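Trainee: One structure, as structure tokens, below. Some questions next.
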Amino acid sequence: MKKGTIKQILLITDGCSNQGEDPASISSIAYQQGISVNVIGVLEDDDSEQPEGLEEVEDISTAGGGVSRIVYAQALSQTVQMVTKQAMTQTLQGVVNQELQQILGDEKSMEDLPPEKRGEVMEVVDDLGETSDLEVLILVDTSASMSPKLATVKESLEDLSLSLNARTGKNRFAIYSFPGKKQPVNEIMPWTNKLQNISSVFPKLTSGGITPTGPALKEAIHHFQSTPKLEGWSSENGDIYEETGF
């Protein structure tokens with residue numbers, strides 16, 4: 001079984017994008033290039049109702065083939081880990097379904113298999129989720145409205161690094177924030193496989209300004225395309241595996 005790399009953008013925002021291209025349209029472009037876009041919409045713990053701007057959270061993730069959640073800040077850490085893992089499983093299930101359609105015909109999918117066979121397929125999916133290489137570009141909204149939530153975001157990213165460090169597959173991260181001072185995004189942490197580096201970037205996250213979510217997603221796609229090669233890293237570009245054995 002030949003594994004490749006799962007690629008994700010993890011967007012953490014409170015919605016309210018208000019400048020530049022439609023973020024859902026840009027998210028669709030990312031998905032076409034093999035990058036799933038997952039979105040976590042963050043509410044303040046004292047918010048009594050969902051702000052109107054968070055309606056775009058689901059639109060962005062749906063267009064990007066990813067997972068979305070709206071969560072109060074106090075539950076953010078657990079949600080970041082859950083969304084990252086769930087998105088990996090969703091990506092792998094999609095690849096498995098494509099393989100099954102090639103083998104069994106266009107009308108067949110995982111749900112059409114007998115229960116025992118479906119269980120075998122899910123075991124393979126779970127195994128690939130632990131062993132596949134993973135690239136996550138974390139895109140943090142640091143606009144003015146996110147200011148009271150950034151301390152929780154920082155804690156969540158640290159917990160994510162500890163969680164993913166338990167995987168047997170290789171992990172690689174980059175962290176960008178938006179808006180940038182003179183460009184759509186700021187580079188907070190370049191691509192690295194040293195998870196402990198995440199804690200060192202927390203002081204660099206500062207808030208203020210507008211919310212150019214669409215342009216920020218476009219820049220995130222570009223940074224995947226310019227990812228430096230690391231020794232021992234899978235050469236396949238987004239192809240999770242080529243042979244399933246089913």
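The values are calculated or read from the model by the stated rules, or taken from the named source; none is laboratory data. On a predicted model such as this, the values are computed, not experimentally measured, just so you know. Methodologically, a virtual Cβ is constructed for each residue, glycine included, from the backbone with ideal geometry; neighbour enumeration extends over all protein chains shown. The area values use the complete protein model at the heavy-atom level, side chains included, leaving out ligands, DNA and RNA. Shrake-Rupley method; radii C 1.70, N 1.55, O 1.52, S 1.80 Å.
Trainee: May I ask you to verify whether SER28 is crowded, with 16+ Cβ neighbours inside 10 Å, closer than 17 Å to ALA87 by Cα and at pLDDT 95 or above?
Mentor: So SER28 fits the description; yes.
Trainee: Please count how many residues of region 54-77 are open to solvent by 20 Å² or more (accessible area, probe 1.4 Å) and either among the acidic types (Asp, Glu) or touching a residue at least 60 places away in the same chain (Cβ under 8 Å) (or both).
Mentor: Selection size over region 54-77: 6.
Trainee: While we're on this one: Do we have SER145 as in contact with a Cys (Cβ under 8 Å, 6 or more places away or on another chain), at pLDDT below 85 and either buried (at least 18 other Cβ atoms within 10 Å of the Cβ) or closer than 23 Å to ILE210 by Cα (or both) here?
Mentor: Answer is yes for this residue.
Trainee: Condition first: out of contact with any Ser or Thr (no Cβ under 9 Å at 6 or more places or on another chain) and either in a helix (DSSP H, G or I) or more than 21 Å from THR211 (Cα to Cα) (or both). Now tell me which residues in region 154-185 satisfy that.
Mentor: If the condition is that a residue be out of contact with any Ser or Thr (no Cβ under 9 Å at 6 or more places or on another chain) and either in a helix (DSSP H, G or I) or more than 21 Å from THR211 (Cα to Cα) (or both), then LEU162, ASN165, ALA166 are the ones that fit.
Trainee: Name the single residue, out of those in region 150-164 being within 14 Å of the chain's Cα centre (by Cα) and not hydroxyl-bearing (Ser, Thr, Tyr), that is surrounded by the most Cβ atoms within 10 Å (Cβ to Cβ).
Mentor: Applying the filter and picking the extreme gives LEU157.
Trainee: Being open to solvent by 20 Å² or more (accessible area, probe 1.4 Å) and over 24 Å from GLN33 (Cα atoms) is the filter; apply it to region 204-233 and report the residue that is modelled with the highest pLDDT.
Mentor: ILE210
Trainee: Mind checking which residues of region 146-182 are closer than 23 Å to VAL71 by Cα and touching a Gly at 6+ places or on another chain (Cβ under 8 Å)?
Mentor: SER147, PRO179
Trainee: Quick one: is GLU120 surrounded by fewer than 18 Cβ atoms within 10 Å (Cβ to Cβ), at pLDDT below 80, touching a Leu at 6+ places or on another chain (Cβ under 9 Å) and assigned to a helix (DSSP H, G or I)?
Mentor: yes
Trainee: Give me the pairs, please: first residue somewhere in region 1-23 and within 29 Å of TYR72 (Cβ to Cβ) and modelled with pLDDT of 70 or more, second residue anywhere and basic (Lys, Arg) and open to solvent by less than 10 Å² (accessible area, probe 1.4 Å), beta-carbon distance under 6 Å, and either six or more positions apart or on two chains.
Mentor: Pairs found: none.
Trainee: I would also like to ask the following. Looking only at region 186-203, which residues are outside any helix (DSSP H, G or I) and at pLDDT below 80?
Mentor: ASN193, LYS194
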